[in-house]
Every structure is written in C-alpha cells, then in structure tokens.
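One structure is given below, encoded as structure tokens.
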Amino acid sequence: MLLAYFPYAMAPVILAACLQHYFLVLGWSGKWSGGVVGPVVHYLPFCGDLFLRFWNQRTQSMEHLVTTLGGTYWQAFRKVLLPMSRSALLVCFFKPF
C-alpha cells in the first residue's frame, strides 16, 4: 500500500519526466499504449485504495448470502455487488477526468 501512494508523493511534472524516459525506451511515447498507461499510473493507486476499503467483510458476506440462497456468482455480482459498488465505481471512473 505504501508503493500505491508513490505517484502522489512526487510532483506530477517530475513523475512525468521520469516516466518519459521509460516510455521512450519501450516505444510508448506518442502512441496509444503510452496514452493508456500514463493515466493508469496516476489513477490506479487511488482506485485500488478506494476498492480496498470497499471490499470488506460485509461485502463478502453479502456475496456469500446470495450464493447460499441459490444464486450463482454471476447473479451475486450483477444483482448485489455491482449496485453496492456503484458509487465507488463512479468515483474511480470520473476521478481521472
């Protein structure tokens, strides 16, 4: 978890300058892959921290309850977990923008 906060500890310009070297070496600079990986470095730690707090004992108990009552794992995901995580998903999707 300590490494997840590393992109926030550095100034964004310094982090981008450090990553630019690796993007040039890998051939990602100015390409679609670099445009995807660059923002992921910034928002993935935030989303990981948010969902680490979401996925607690209560959430796992709700999933277990659905499967105990005869539901499949897909139904537990679609009918219970997805509605429970809607607010966390919205924050994760709109935070980078």
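Some notes on this structure:
- Crossing angle, helix 32-54 versus the chain [Cα axis fit, 0-90 degrees, rounded to tens]: 40
- Taking label positions 7 Å along the Cα-Cβ direction at both Leu52 and Ile14, the computed distance is 2.2 nm, reported to one decimal.
- Principal-axis tilt of helix 12-26 within the chain, Cα atoms, nearest 10 degrees: 80
- Calculated SAXS-style log₁₀ I(q)/I(0) at q = 0.12, 0.16, 0.22 Å⁻¹ - the chain, Debye, Cα scatterers: -0.56, -0.79, -1.08
- Across the chain: Cys residues that no other cysteine approaches within a C-beta distance under 4.7 Å: Cys18
- Across the chain, the mean sequence separation of Cα contacts (distance under 8 Å, 6 or more residues apart), normalised by length, yields a relative contact order of 29 percent.
Each reported figure results from applying straightforward, stated rules to the coordinates on display, with no laboratory input. Just so we're clear, the structure is a prediction, and the values are computed from it rather than from any experiment. All Cβ positions, glycine included, derive from the backbone under ideal geometry; neighbour counts span all protein chains shown.
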